[in-house]
1. Relative to the present Cα-Cα distance, how much length would full extension add between B:Thr70 and B:Met121 at 0.36 nm per residue of separation?
2. Mean separation of Cα pairs under 8 Å and 6+ residues apart, divided by the residue count of the stretch B:112-220: what relative contact order is that in percent?
3. How much accessible area is lost when chains A and B come together, counting both sides, with a 1.4 Å probe, in Å² rounded to the nearest 100?
4. Contact order normalised by length for the stretch A:62-132, with contacts defined as Cα pairs under 8 Å and 6 or more residues apart; what percent is it?
5. Against the globular-protein guess of 2.2 N^0.38 Å, express the Cα radius of gyration of the protein assembly as shown as a ratio, rounded to two decimals.
6. How large is the helix-only mean residue ellipticity at 222 nm for the protein assembly as shown, computed as the sum of -39500 (n - 2.57) over DSSP H runs with n ≥ 4, divided by its residue count, in deg cm²/dmol to the nearest 500?
7. Can you compute log10 of I(q)/I(0) for chain B with the Debye formula, treating each Cα as one identical point scatterer, at q = 0.12 Å⁻¹?
8. Could you give the dipole magnitude of the protein assembly as shown about its Cα centre, charging the beta-carbon of Lys and Arg +1 and that of Asp and Glu -1, in debye to the nearest 20?
Number of protein chains: 2
Amino acid sequence: MSTRIFSQQTIADLSQREQVNFVNALSGFKSANLLGTQSTRGINNLALVSSAFHVGANPPLMGMIMRPHTVTRDSLQNIKDTSVFTLNHVNQGILKQAHQCAARYAPEQSEFDSVGLTPQMSNVVAAPFVQQSKVKIALEVAQITLIEQNETEFVLGKIVEVIIENDCVLNDGYIDLEQAGSAVVSGLDSYHITQRVDRFSYPKPNKPIHSIWNRDDTKS
Amino acid sequence: MSTRIFSQQTIADLSQREQVNFVNALSGFKSANLLGTQSTRGINNLALVSSAFHVGANPPLMGMIMRPHTVTRDSLQNIKDTSVFTLNHVNQGILKQAHQCAARYAPEQSEFDSVGLTPQMSNVVAAPFVQQSKVKIALEVAQITLIEQNETEFVLGKIVEVIIENDCVLNDGYIDLEQAGSAVVSGLDSYHITQRVDRFSYPKPNKPIHSIWNRDDTKS
């Protein structure tokens, strides 16, 4: 199999569109989440983000990279104004609606209405969940940090509520994301579903790992 | 379908293991990368990370959340000592070896030898790639920032070299991660492969999206 080497210069010489497609896929597959916020005037906003990631389990923290000058600028402003937001897993059934949320709608137009998703208000934060999502997370802003290298902002959120379908949580706490139908993004625009290979035991030096997958182990 | 609500208190009341499994899966599917570093004494180190993420395309930046007090502490020290590292996509063929890299080996023991992967030195950075990986990325540290809320460190890296199999890069710059066999992680220990649903056109308000997937469009 022949390989190609991309130097810094090769990457810089790509067209803007090629560079965006290339580097966005480089990090590997990304989670697909709908970011729910509410403006100070009460308008529900929904944005597709592939930049949400795990930061820590205790305290429960998630992070997100936001671009202040792109289509998600309304969401970022709402987060700064209200200090809360929701993340809702995109699943197979709402892929097209989720992608459509990335269109540049006017600030006064709710993406919920435009794409046909249903807001579900949280009892804990002033931001809407997506009713059609099977894993819904409410967060409070813990910190917002400017990344000077590209003027993006790293939003750190503390998880304050999770609403999840019952049969997705197993006895050991693991969430079966395939049961939830959670989707995966690569690059800017490619959507994927997954197929589990296995769950592996905790690795130790000089000891072979074994399968620990047991789907019947649903938490009740 | 019945749902369960996890409040902050419900999450705090989980056992430590349940909480770790639960919150690690909450953000959605994660990229699976092998982090290659070299110590100042020349020992090659390899660690499995599911915390690498896209930060920006221009300049090309990736980020990673590192835990200073866990099994990856040798990797983090090497990164601080040498200011460089590599990220190598885990593919279907090396899943067990990759998971085994998360075992707590002694600092003087190279995970490459222990799990049976092959180091491939970069011409650009003093850190090893994983020969068996089909998407190899060399990075220079741009910045390391402490996240005070949980004492993790946010490592921001500038992409300085990419080595990739030729048939994985399409004409528009998009990397076909399924062609590369790149794997996905959920939680701490579940591995998945993907199946593409579609690539969608750039979304615009009031205009239906359409498929732009054309696998024959390989960049030459």
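The values are calculated or read from the model by the stated rules, or taken from the named source; none is laboratory data. Small disclaimer: the values here were computed from a predicted structure and weren't measured. Every residue, glycine as well, gets a Cβ built from its backbone with ideal geometry; the counts of neighbours run over all protein chains shown. Remember, those area values only see protein heavy atoms, side chains included, never the ligands or the DNA or RNA. Shrake-Rupley method; radii C 1.70, N 1.55, O 1.52, S 1.80 Å.
1. Working: separation 51, 0.36 × 51 = 18.36 nm, distance 2.59 nm.
Working it through step by step, the gained length comes to 15.8 nm.
2. With pairs under 8 Å counted, the relative contact order is 17 percent.
3. Buried surface at the A/B interface: approximately 9200 Å².
4. 29
5. 0.92
6. Calculated from helices alone, the mean residue ellipticity at 222 nm is -4500 deg cm²/dmol.
7. Scattering profile of chain B, log10 relative to I(0): -0.72.
8. Details: 36 positive and 42 negative charges, 39 e Å.
Approximately 180 debye in magnitude.
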